[in-house]
Amino acid sequence: MDRYSRQTLFKPIGVSGQKSIREKHVLVIGAGALGTGNAEALVRAGAGKLTVIDRDYVEWSNLQRQQLYCEKDAQEKLPKAVAAKQRLALINSEVEIAAYVSDVTNESLEALVKKEPFDLMIDATDNFDIRLIMNDVSQKYLLPWIYGACVGSYGISLTILPGKTPCLHCLLKTAPLGGGATCDTVGIIAPAVGMVVSHQVAEALKILSGNEQECNQKLVSFDVWKNQYMAVRVEKLKDHDCPSCGQSRTYPHLSFDNQTKTAVLCGRDTVQIRPSVRLEEGRRLDALKESLTSQGIEVEENPYLLSFKVEEYRLVAFQDGRVLVHGTKEIGRAKTLYHRYFG
Ligand SMILES: [Zn+2]
């Protein structure tokens, strides 16, 4: 076990903590900046299995901070989950890696958590609705999760242990969770990402190595440019009437009518459209390619997606039926284009 010698020499982990880390399965939701940072660190630390879910593909603007990706991934428009899996396997072949090119919905996340015995979820999404879904899943299936977000030079993180700490929903009214600004409007610098990743990975190692009692009970936030660091105790914010973790809980974010079918994506002029019915995979992209080519439209493709230009827009169709419309934030405009090519 030379490979992990420096980590086992670290007393709070030791040989038994390392053995415990080795037996754990971590779910990383999102493979952007936070997701790649967390995934790389946990794979290097020797987690037993890591599952990554991401719906997007690698673009040039990701390379400044999304540490698992290289230029070739952006050239090939490789789905992030696929590119991350390839790179992680090169870093540590002892760790089992599963990757899903997929959207996270309440339905899909609940199905996955029922199927696989995860020990921990890492929040590496840029989407508050998904965090609330993770939060409900965490409470319902007693699965700890670590919230993390960053934008500009600012970052924030919190560890949520079901049955022990307040949940994200408890804090919605009172805590400064940094909603509003997105990397779309104010950009983001890599050290803000690194700070959040460091906090999340440290907390993850505590949980995975059997040192849950050492977890940080404060909501931490910081601004690496303005030199501000804050830690707020949150245990008093536990809401006994909370719909996610209170006594008569209803898990509101797991009910199906809360689903959105279109979403404007963070970081770009892009609208995602998700069909309500899951289409037949594989053959669908082939048929689409044939139809586009017959209309004289030039199509770019890899085994996971197909993309083409229309006017000033670029449409990207994934195997699972989702379509990204780049070049607009207008949902109406995106839907018109979608219906023109996808019925
Ligand atoms: Zn709660």
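FYI, it's all coordinate maths here, none of it is from the lab. Bear in mind the structure is a predicted one, so any value in this text is a computation, not a measurement. FYI the Cβ positions are ideal-geometry reconstructions off the backbone, even for glycines, and counts take in every protein chain you see.
Rounded to the nearest 20 debye, the dipole magnitude of the chain is 680 debye, with +1 charges on Lys and Arg beta carbons, -1 on Asp and Glu beta carbons, and the Cα centre as origin.
Net charge of the neighbourhood of GLY163, taken over other residues with C-beta under 14 Å away and scored Lys/Arg +1, Asp/Glu -1, is +2. Give me the angle, in degrees from 0 to 90, between the Cα long axis of helix 283-294 and the longest principal axis of the Cα atoms of the chain, rounded to the nearest 10. Approximately 40 degrees, to the nearest 10. Compared with the dominant Cα axis of the chain, that is its longest principal axis, helix 190-208 is turned about 60°.
Size of the stretch 62-202 from its Cα atoms: along the principal axes, largest to smallest, the extents are 43, 38, 27 Å. Overall, the stretch 1-125 carries a charge dipole of about 500 debye about its Cα centre when +1 sits on the Cβ of Lys and Arg and -1 on the Cβ of Asp and Glu, all other atoms neutral.
Over the chain, the pair-distance histogram of Cα-Cα distances with 20 Å bins from zero comes to 30, 58, 12, 0 percent, rounded to whole numbers.
Here the spin labels are modelled as points 7 Å beyond Cα on the Cα-Cβ line, and at ASN216 and LYS114 they lie 3.5 nm apart.
Using a cutoff of 8 angstrom between alpha carbon atoms and counting only pairs six or more residues apart, the relative contact order for the chain works out to 14 percent. With the simple model of a label 7 Å out from the Cα in the direction of the Cβ, ALA231 to SER294 spans 6.5 nm. For the stretch 1-148, the C-alpha radius of gyration divided by 2.2 N^0.38 Å, with N the number of residues, is 1.04.
A simple spin-label model places pseudo-atoms 7 Å from Cα toward Cβ; at LYS11 and THR185 they are separated by 4.9 nm.
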